[in-house]
Amino acid sequence: MGALIYFLISHMQFWAAAVIAYFCGCFNGAVIVSKYILRDDVRNHGSGNAGLTNFFRTFGGPLTFVVILCDVLKAVAAIKISVWLGGYFDPRIMPDTPMENQALLLVLFKYWGGLFCLLGHMFPCMFHFKGGKGILSGGTIAIMIDWRIAVVVWGGFLILTALTRYVSLGSLWAGASFPFISWYCYPQPPIVVLAFCLGGLIVWKHRANIQRLLAGNENKLSFHRKKT
């Protein structure tokens, strides 16, 4: 009976976290600001991506900070709610599980909530499943999970972007390094699998950037808004 109760409770909380995190991710700052405030959908410009970089290149201005705030806060909310739901696992239901595994369970909820938040950002159901590439939200998720992971992900991103002025190159580092530093910090199979899913999604969303980098025609970061 105890195992059955644990099974039911665990699945309820995991799927509740997944649904809530996904809809948090769907709150796409670039689309909301451009479409409903500027009345000019960012997905109709530049790369067609509903992300911070394309918004900044297209519109610039102080509303860029609103986009940043939206993408950061939704990731924070998704992780916080996922951990809150994970905290409702009662150790008495799992009497044979050591306390350190209870702590790892909360980490697992962070990765689980982070994955579905990223899916919501990339494929928002209310915006025809056409979203962003997940770098800012993904970077926030890394900070929320573990500072060591954030140092590796953000450190490489900032260094590569500063040296090359290719945001996409720094983004590819972030996506590719995330699962490996996660593996180092938390060498548990469920966490590693979720980490590879998170990092793999980011790399996959940058497949067109990889082609342009190889062809030598990728856009470099500029602090001047393109003229329309």
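The values are calculated or read from the model by the stated rules, or taken from the named source; none is laboratory data. In this text the structure is predicted, and so the values were computed from the model without any measurement. Here Cβ is always computed from backbone atoms with ideal geometry, including for glycine, and neighbour counts include all displayed protein chains. All accessible areas refer to the heavy atoms of the entire protein, side chains included, with ligands and DNA or RNA removed. Shrake-Rupley method; radii C 1.70, N 1.55, O 1.52, S 1.80 Å.
Structure notes:
- Of the helices (runs of 4 or more DSSP H) lying entirely inside region 144-228, the ones with 2 or more residues being in contact (Cβ under 8 Å) with a residue 60 or more places away in the chain and more than 14 Å from the chain's Cα centre (by Cα) are found at 167-185, 189-205.
- Any hit, region 79-94, residues being at pLDDT 85 or above and under 21 Å from Arg39 (Cβ atoms): no
- Members of region 133-143 that are under 17 Å from Leu201 (Cβ atoms), open to solvent by 10 Å² or more (accessible area, probe 1.4 Å) and hydrophobic (A, V, I, L, M, F, W, C): Ile135, Leu136
- Residue match in region 173-185 (condition: modelled with pLDDT under 95, touching a helix residue (DSSP H, G or I) at 6+ places or on another chain (Cβ under 9 Å) and open to solvent by 50 Å² or more (accessible area, probe 1.4 Å)): no
- Here region 213-228 is the region considered, the condition is being exposed (fewer than 10 other Cβ atoms within 10 Å of the Cβ) and within 16 Å of Phe59 (Cα to Cα), and the residue that is modelled with the lowest pLDDT is Thr228.
- If you check Gly25, Gly61, Gly29 for being more than 23 Å from Arg212 (Cα to Cα), open to solvent by less than 10 Å² (accessible area, probe 1.4 Å) and touching a residue at least 60 places away in the same chain (Cβ under 8 Å), only one passes: Gly25.
- Test: residue in region 119-129 that is outside any helix (DSSP H, G or I) and surrounded by 23 or more Cβ atoms within 10 Å (Cβ to Cβ): no
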